[in-house]
Amino acid sequence: MKKKIRIFNLITIKELASLTNVRKEEIIKICSSLGIKVSVYQRLDYELLTLVASDLGYEVELIDKQIIRRNNNKARISRDPVIILLGHVDHGKTSLLDYIKRSKVNYEEYGGITQNIGVYKVNINKNNSLTFIDTPGHEAFMAMRYRGTQITDLAVVVIAIDEDIMQHTNEAINNAKAVGIPIIFAFNKIDKNNSDIDKIRRKLAERNLLVEEWGGAYQSQEISAKYGIGIDKLIEKIILEAELLDLKYSQEKAVGSIIESSFNKENGYTATIIIKDGILTLGDYLLVGASFGKVIKILDERGNQLKYVRPSRPVLIFGLNGVPDAGDIFHSYKTEKEFQKIFSYKNILKKEPDLRFETPSEKLNLIIKADLNGSLEALTEALEKIIINNKKINLIYKSIGNINESDVLLADTYKAMIVGFKVKISSAAQKLANKNKILIKLYNIIYKIDKKIKDFLSNNSKRAELIYGRAKIKTVFTIRKLGIVAGCIVLEGKMVRNSTIKLKRDDKIIYVGKLNSLKMFQTDVKVVKKGYECGINIKNFNNIKIGDIIESYKEI
């Protein structure tokens, strides 16, 4: 009996590979055997998806069956590409975009709405328009970097040749590779003297990123964002790359991504969006993450009201019932009946979060963070040698430093586990990991990591931790019949009575036990949320101090 893949929308080669634990190259080979040429970031139509999945031993159940009719629509129209600019801080991403805007739109920035969030549509000539997403300093785009297959078509990675391939440059390249979009390298600041461009090309080659000038597959262009040198040639290469992608859209239901969302008393909930496929029409119903609503107003980049919008154009919409997250995918529905049907299915499937992943992986995707380069290399070498039952680790990314949100989002893309050696994790990263159900383990001893990875590969380890919240001890006092009590303020999440706790001091775990008693103003309570004070008694443990952190969690 074939296993089922249940999906709401048609998926890409990369997504199918993730669901079936089959290499992307193998799926592409199957499509080729059927006489169809595809790319990893291309969505499969329903018929091809069914054939390929069947060949892999799976049956496809498409919850939104209207997608079949949409995909059978033969009239597909060319659309403009969406380009994301990536790279290290101060390497020239924004300067590059500023020059393109000045030179191509007569010094007029595209959009009173969109300019504040770094999304711009630039008319290059009568036949070509490009939509650019600029990423510096805007945390909403962190998620975009990892969900780029849903919104961006290609990436321009800007590298300043008078510096080096920096940490953010590496992250940018990993981001683009993770979402499977083409990369064009822009070697910036050629106007500066004593710059060694070949040094950058050589270091890219060491990362298996060989540019065309050296006989590789990656396009690149030398530019000066300051003086405009080489930018016209860069744009030509972007247009050429986009033509090879043969970007099309249907004239049916819209699918796209949230760029940014907000709330104010005057307008209620609003969201800036870009459509990837289909046409969004005034009055359509939207389902996006935990939010939904009916589109009651659409504004273009100059604040003009629209009746509909086509793909690749940033617009502002009104009518949602909440604030969706940046990067969330939305689907539109023409009737309330159709919307309510899908909404009901989605609520049912929420109760089965692992429904799509029904097959154990033959490998463990892993991200490693360590305190020192020596530790990182030693740990990497040790883990890459582990093979159990023909299973081994697949090292997605490794670097020095504490675990941040970028690491968690990369783990979410690859369904990976994060291992940290003598490093910390930011509270924002932990919160994001809880939301996306990413497993993070911190260690101070290498052999314990080795044992944990072996357990995972042996399928002996089936438990993870879901963090409820953290509280900081502000005072310590004694209550008769109860013992030592910590007077705390909840810093994030919530504290839950009878949950498992970790007591941390100076970022080190000194005790693991049970939260025995939880009180607010002498009253026993089950939960205390962020921002409130509470009294906590830890079962069978009294060695607590002011400044200690209590982490409430459960094993899952």
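Does the stretch 264-287 hold any residues that are of a type outside the set (Asp, Glu), at pLDDT 85 or above and over 19 Å from Ile77 (Cα atoms), and which are they?
Within the stretch 264-287, Gly268, Tyr269, Thr270, Ala271, Thr272, Ile273, Leu282, Gly283, Tyr285, Leu286, Leu287 qualify.
Looking at the stretch 259-293, which of its residues are under 23 Å from Lys337 (Cα atoms) and over 26 Å from the mean Cα position of the chain (by Cα)?
Thr281, Leu282, Gly283, Asp284
Quick one: is Leu240 free of Cβ contacts under 8 Å to residues at least 40 places away in the same chain and part of a helix (DSSP H, G or I)? Explain how you work it out, then say what you get.
Values: free of Cβ contacts under 8 Å to residues at least 40 places away in the same chain: yes; part of a helix (DSSP H, G or I): yes.
Against the criterion (free of Cβ contacts under 8 Å to residues at least 40 places away in the same chain and part of a helix (DSSP H, G or I)), Leu240 qualifies.
Any residue at all in the stretch 199-214 that is open to solvent by 70 Å² or more (accessible area, probe 1.4 Å), more than 30 Å from the chain's Cα centre (by Cα) and within 30 Å of Ile275 (Cα to Cα)? Even if it seems obvious, please write down each step before you answer.
So the first thing to find is which residues in the stretch 199-214 are open to solvent by 70 Å² or more (accessible area, probe 1.4 Å), and the list is 202, 206-208, 212-214.
Then keep just the ones that are more than 30 Å from the chain's Cα centre (by Cα); that gives 213-214.
This time we only want the ones that are within 30 Å of Ile275 (Cα to Cα), so: none.
No; the residues of the stretch 199-214 include none that is open to solvent by 70 Å² or more (accessible area, probe 1.4 Å), more than 30 Å from the chain's Cα centre (by Cα) and within 30 Å of Ile275 (Cα to Cα).
Only one of Ile400, Ile367 is under 19 Å from the mean Cα position of the chain (by Cα), free of Cβ contacts under 8 Å to residues at least 60 places away in the same chain and under 25 Å from Ser426 (Cα atoms); which? Before the answer, list the steps.
Working: Ile400 fails: under 19 Å from the mean Cα position of the chain (by Cα).
One residue alone meets the criteria, Ile367.
Might you check whether a residue that is in a strand (DSSP E or B) and among the basic types (Lys, Arg) occurs anywhere in the stretch 380-397? If you could, list the steps in order and put the result at the bottom.
If we filter the stretch 380-397 for residues that are in a strand (DSSP E or B), which is where we start, we get 387-388, 391-397.
Next, only the ones that are among the basic types (Lys, Arg) stay: 391-392.
Yes, there is a match, as at least one residue in the stretch 380-397 is in a strand (DSSP E or B) and among the basic types (Lys, Arg).
Please work out which one of (1) buried (at least 20 other Cβ atoms within 10 Å of the Cβ); (2) modelled with pLDDT of 90 or more; (3) more than 17 Å from Thr94 (Cα to Cα) is the condition Asn175 fails and give its number.
(2)
Could you check the stretch 530-544 and list, in sequence order, the residues that are touching a residue at least 40 places away in the same chain (Cβ under 8 Å) and either assigned to a strand (DSSP E or B) or open to solvent by 40 Å² or more (accessible area, probe 1.4 Å) (or both)?
Start the filter on the stretch 530-544 by keeping residues that are touching a residue at least 40 places away in the same chain (Cβ under 8 Å), which leaves 530-538, 542, 544.
Matches in the stretch 530-544: Lys530, Gly531, Tyr532, Glu533, Cys534, Gly535, Ile536, Asn537, Ile538, Asn542.
Within the stretch 422-501, considering only strands (runs of 3 or more DSSP E) that don't extend past its boundaries, which have at least 2 residues that are in contact with a Phe, Trp or Tyr (Cβ under 6 Å, 6 or more places away or on another chain) and open to solvent by less than 30 Å² (accessible area, probe 1.4 Å)?
On the way: elements: 440-443, 465-479, 483-496.
Passing ranges, in order: 483-496.
If you scan the stretch 202-243, which residues turn out to be touching an Asp or Glu at 6+ places or on another chain (Cβ under 7 Å) and over 14 Å from Val156 (Cβ atoms)?
Residues of the stretch 202-243 touching an Asp or Glu at 6+ places or on another chain (Cβ under 7 Å): 218-220, 224, 226-227, 229-230, 242.
Hits for the stretch 202-243 are Ser224, Lys226, Tyr227, Ile229.
Among residues belonging to the stretch 198-230 that are in contact with a Ser or Thr (Cβ under 7 Å, 6 or more places away or on another chain) and not in a loop (DSSP other than H, G, I, E, B), point out the one that is nearest to Gln167 (Cα to Cα).
Val211
Restricting the stretch 503-513 to residues that are open to solvent by 30 Å² or more (accessible area, probe 1.4 Å) and part of a strand (DSSP E or B), which is nearest to Gly469 (Cα to Cα)?
Of the stretch 503-513, the ones open to solvent by 30 Å² or more (accessible area, probe 1.4 Å) are 504-512.
Among the residues that remain, those that are also part of a strand (DSSP E or B) are: 504-505, 508-512.
Working: Lys504: 13, Arg505: 16, Lys508: 17, Ile509: 15, Ile510: 18, Tyr511: 16, Val512: 15 Å.
Ranking the candidates gives Lys504 first.
Residues are listed down the side, and each one gets a yes or a no for (1) touching a Leu at 6+ places or on another chain (Cβ under 6 Å); (2) open to solvent by 70 Å² or more (accessible area, probe 1.4 Å); (3) outside any loop (DSSP other than H, G, I, E, B); (4) on the phi > 0 side of the Ramachandran plot:
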| site | (1), (2), (3), (4) |
| --- | --- |
| Gly293 | yes, no, yes, yes |
| Ile298 | yes, no, yes, no |
| Glu301 | no, no, no, no |
| Pro311 | no, no, no, no |
| Gly319 | no, no, yes, yes |
| Gly322 | no, no, no, no |
| Asp325 | no, no, no, no |
| Phe330 | yes, no, yes, no |
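Among the residues of the stretch 271-291, count how many are under 21 Å from Thr152 (Cα atoms), charged (D, E, K, R) and open to solvent by less than 10 Å² (accessible area, probe 1.4 Å). Don't jump to the end; show me each part of the working.
Start the filter on the stretch 271-291 by keeping residues that are under 21 Å from Thr152 (Cα atoms), which leaves 271-280, 286-289.
Filter once more, so that each one left must be charged (D, E, K, R): 276-277.
Narrowing the set further to residues that are open to solvent by less than 10 Å² (accessible area, probe 1.4 Å) leaves none.
Qualifying residue count for the region: 0.
The values are calculated or read from the model by the stated rules, or taken from the named source; none is laboratory data. None of the values given here were measured: they were computed from a predicted structure. Positions of Cβ are backbone-derived with ideal geometry, glycine not excepted, and every protein chain shown enters the neighbour counts. All accessible areas refer to the heavy atoms of the entire protein, side chains included, with ligands and DNA or RNA removed. Shrake-Rupley method; radii C 1.70, N 1.55, O 1.52, S 1.80 Å.
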